[in-house]
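J.: Quick one: structure below, then a few questions.
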Amino acid sequence: MKDLNKKNLKEFIENYIGLDTRQKKIIEKFIMNYGRYYDLKDIPKEFTPKVPKEIDPFVKKYTLRRKPSALSFYVFEGEEREELVEISNNF
């Protein structure tokens, strides 16, 4: 994740190491989708979701791009989405 704020990189890694296996898989899925949607430019602005308030502090703290972050969030559904929010709040 090349957008990750260098200042907070060490903290991100330490937090990641402290996660259990399921939590790591959820963060990895978010990161994988973030990379997948990173260069999307063909989506009209009207159809691009806004970063949900639940993960906005996480996105701002680690200086992530807003569009791929929002799209990556909405890949998750139900309980898995709730877990992503909980994990991001602990970062």
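J.: Since ARG36 meets every condition but one in (1) part of a helix (DSSP H, G or I); (2) within 26 Å of GLU79 (Cβ to Cβ); (3) open to solvent by less than 50 Å² (accessible area, probe 1.4 Å), which condition does it not meet?
T.: (3)
J.: Regarding LYS10, is this residue without any contact (Cβ under 8 Å) to a residue 24 or more places away in the chain and among the basic types (Lys, Arg)?
T.: yes
J.: Here is a follow-up. Scanning segment 45-73 for residues that are open to solvent by 100 Å² or more (accessible area, probe 1.4 Å) and over 24 Å from ILE17 (Cα atoms), which turns out nearest to the chain's Cα centre (by Cα)?
T.: Of everything passing the filter in segment 45-73, ARG66 is nearest to the chain's Cα centre (by Cα).
J.: Only one of (1) open to solvent by less than 60 Å² (accessible area, probe 1.4 Å); (2) modelled with pLDDT of 90 or more is not met by ASP20, so which one is it?
T.: Unmet condition: (1).
J.: Which pairs do you get when a residue that is basic (Lys, Arg), found in segment 33-61, comes within reach of a residue that is in a loop (DSSP other than H, G, I, E, B), reach meaning Cβ atoms under 8 angstrom, with the pair 6+ apart or on two chains?
T.: Going by the 8 Å Cβ cut-off, the qualifying pairs are LYS61/ASN5; LYS61/PHE91.
J.: Further, regarding this structure: Take the residues of segment 20-30 that are in contact (Cβ under 8 Å) with a residue 40 or more places away in the chain and under 15 Å from the mean Cα position of the chain (by Cα): which is farthest from LEU84 (Cα to Cα)?
T.: Taking segment 20-30 and keeping what is in contact (Cβ under 8 Å) with a residue 40 or more places away in the chain, we get 22-23, 26-27, 29-30.
With the extra rule that they be under 15 Å from the mean Cα position of the chain (by Cα), the set shrinks to 23, 26-27, 29-30.
Details: GLN23: 8, ILE26: 6, ILE27: 7, LYS29: 10, PHE30: 8 Å.
If we take residues in segment 20-30 being in contact (Cβ under 8 Å) with a residue 40 or more places away in the chain and under 15 Å from the mean Cα position of the chain (by Cα), then LYS29 is farthest from LEU84 (Cα to Cα).
J.: For segment 65-91, what are the residues that are modelled with pLDDT of 90 or more and assigned to a loop (DSSP other than H, G, I, E, B)?
T.: Those that are modelled with pLDDT of 90 or more and assigned to a loop (DSSP other than H, G, I, E, B): TYR74, VAL75, PHE76, GLU77.
J.: Does segment 2-16 contain at least one residue that is more than 13 Å from SER88 (Cα to Cα), within 15 Å of the chain's Cα centre (by Cα) and of a type in the set (Asp, Glu)?
T.: yes
The values are calculated or read from the model by the stated rules, or taken from the named source; none is laboratory data. As the structure is a computational prediction, the values presented were derived from the model and not from experiment. Using ideal geometry, Cβ is built from the backbone for each residue, glycine included, and neighbour counts are taken over all protein chains shown. With ligands, DNA and RNA removed, areas are computed over all heavy atoms of the protein, side chains included. Shrake-Rupley method; radii C 1.70, N 1.55, O 1.52, S 1.80 Å.
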